[in-house]
Amino acid sequence: MAQHSTFDIQRSEHPRTAEERAAILDNPGFGRYFTDHMVVIDYEEGKGWHNHRVVPYGPFSVDPAYMVLHYGQAIFEGLKAYRHADGEIVTFRPAANAARFQASAERMAMPKLSEEDFIDSIKELVTIDQDWVPQPGGEECLYLRPFMFATETGLGVHPAKKFTYVLIGSPAGAYFAHGVQPVTVWVSHEYVRACPGGTGSAKFAGNYAASLAAQDAADKQGCDQVLWLDAIKRENIEEMGGMNVMFVAQDGDDVTVITPALSGSLLPGITRDSLKTVAQDLGYKLEERVITLTELADRVAKGEITEAFACGTAAVINPIGTFKSRDGEFTVNEGKSGDITLKMRATLTGIQRGERADDHNWLYKLV
């Protein structure tokens, strides 16, 4: 029998008013605003996870010698809560996020949070802050950010023995400022995201810190995101700065969805995994394999690869229009959103929002 913890509840004395909340939900952006509460759980070696609580959202008091500030032991996840037309609030495949959170913790020498605590923390926060979940019918949802960091004090280089787990919620609209429109990506040859044996398969904060110089280079090239290549040959396509990537090949009525195979240096995206199933449900062939930048450019030029898209929790699916690199650029589908991309997006978001049948039992009721 799964062990469920009891959460102490301390309600905020100064929650946003209904009017303030409505103004935020009218145009939330992404990651700019936060709900009235957060979940916090503590860990100490020998004591385990304890002090489960929901408290008002607010700053922490941080010791300058917290090991996370010096040696970077920090991991996170991302998932969403959706309000359905019947009033239910659900999330999407939270057990998969819980499992990936555990895998990230193991790679970073951190304690594993149980699936029960992970999912219960989401239920607790969404229940108390349910008014922050946007109404159905648009792109908006409540983005959930669970994270964990080392709180032991000391400067010795070793795995910490004290940690804090936190869950915060942020109402969110489209990930990209211009909405669901084709983006331009910068293919990075100068930098790499991860290498075999590294931390690429973990949702580790340092992976994202290491990506920022490349993202800055992309910004200077007028691009929205980075496309990473493998660390050794700088030829195999891996993933994008904040999401996985897929391609669509068409030969008449035959459609094949291609995605780079997991290699130990790619993040195993839950949206990516879900779209593999969606593609097959729609009757498309699926190829999970090595695909090089040269193959992509050649097959786009020949009209064989007709669409490309990014996929991840925050963006769900977003078309890619143009690839730029030091060697030039090429455009897919005349820079327009492709029919297959949009059909896959509509299918997945339809399931998430309760507008299509959930044949794979991916939805989890929160409220």
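The values are calculated or read from the model by the stated rules, or taken from the named source; none is laboratory data. Keep in mind that this is a model prediction, so the values were computed, not measured. Positions of Cβ are backbone-derived with ideal geometry, glycine not excepted, and every protein chain shown enters the neighbour counts. To get the accessible areas, we keep the full protein, side chains included, count just its heavy atoms, and leave off ligands, DNA and RNA. Shrake-Rupley method; radii C 1.70, N 1.55, O 1.52, S 1.80 Å.
How about segment 61-75: which of its residues are without any contact (Cβ under 8 Å) to a residue 24 or more places away in the chain and open to solvent by less than 90 Å² (accessible area, probe 1.4 Å)?
62
Modelled with pLDDT under 95, closer than 28 Å to residue 14 by Cα, assigned by the TED database to the domain that holds residue 153 and buried (at least 16 other Cβ atoms within 10 Å of the Cβ): is that true of residue 30 in this structure?
yes
List pairs: first residue in segment 36-55 and closer than 16 Å to residue 159 by Cβ and in the same structural domain as residue 18 (by the TED database), second residue open to solvent by 30 Å² or more (accessible area, probe 1.4 Å) and assigned to a strand (DSSP E or B) anywhere in the structure, Cβ distance under 9 angstrom, at least six positions apart or on different chains.
43/49; 43/50; 43/162; 44/50; 44/162; 45/162
Can you give me the number of residues within segment 85-98 that are surrounded by 16 or more Cβ atoms within 10 Å (Cβ to Cβ) and either in a strand (DSSP E or B) or of a type outside the set (D, E, K, R) (or both)?
So the answer is 8.
Evaluate segment 173-186: report whether one residue or more is under 23 Å from residue 360 (Cα atoms) and either touching a Lys or Arg at 6+ places or on another chain (Cβ under 6 Å) or not assigned by the TED database to the domain that holds residue 343 (or both).
Scanning segment 173-186 turns up no residue that is under 23 Å from residue 360 (Cα atoms) and either touching a Lys or Arg at 6+ places or on another chain (Cβ under 6 Å) or not assigned by the TED database to the domain that holds residue 343 (or both).
Hand me the list of strands (runs of 3 or more DSSP E) wholly inside segment 123-215 holding 2 or more residues that are within 22 Å of residue 28 (Cα to Cα).
Counting at least 2 such residues, we get 141-150, 162-172.
Just wondering, is there one or more residues in segment 1-12 that are without any contact (Cβ under 8 Å) to a residue 60 or more places away in the chain and in contact with a Pro (Cβ under 9 Å, 6 or more places away or on another chain)?
yes
Does segment 286-305 include one or more residues that are in the same structural domain as residue 216 (by the TED database), basic (Lys, Arg), surrounded by fewer than 16 Cβ atoms within 10 Å (Cβ to Cβ) and at negative phi?
yes
Please count how many residues of segment 123-157 are open to solvent by 10 Å² or more (accessible area, probe 1.4 Å), closer than 26 Å to residue 111 by Cα and of a type outside the set (Ser, Thr, Tyr).
Counting residues in segment 123-157 that are open to solvent by 10 Å² or more (accessible area, probe 1.4 Å), closer than 26 Å to residue 111 by Cα and of a type outside the set (Ser, Thr, Tyr) gives 10.
Please enumerate the residues belonging to segment 279-325 that are assigned to a loop (DSSP other than H, G, I, E, B) and either β-branched (Val, Ile, Thr) or modelled with pLDDT of 95 or more (or both).
282, 283, 284, 290, 291, 302, 303, 304, 313
So which residues in segment 1-24 are open to solvent by 100 Å² or more (accessible area, probe 1.4 Å) and among the polar types (S, T, N, Q), if there are any at all?
The answer is 3, 6, 10.
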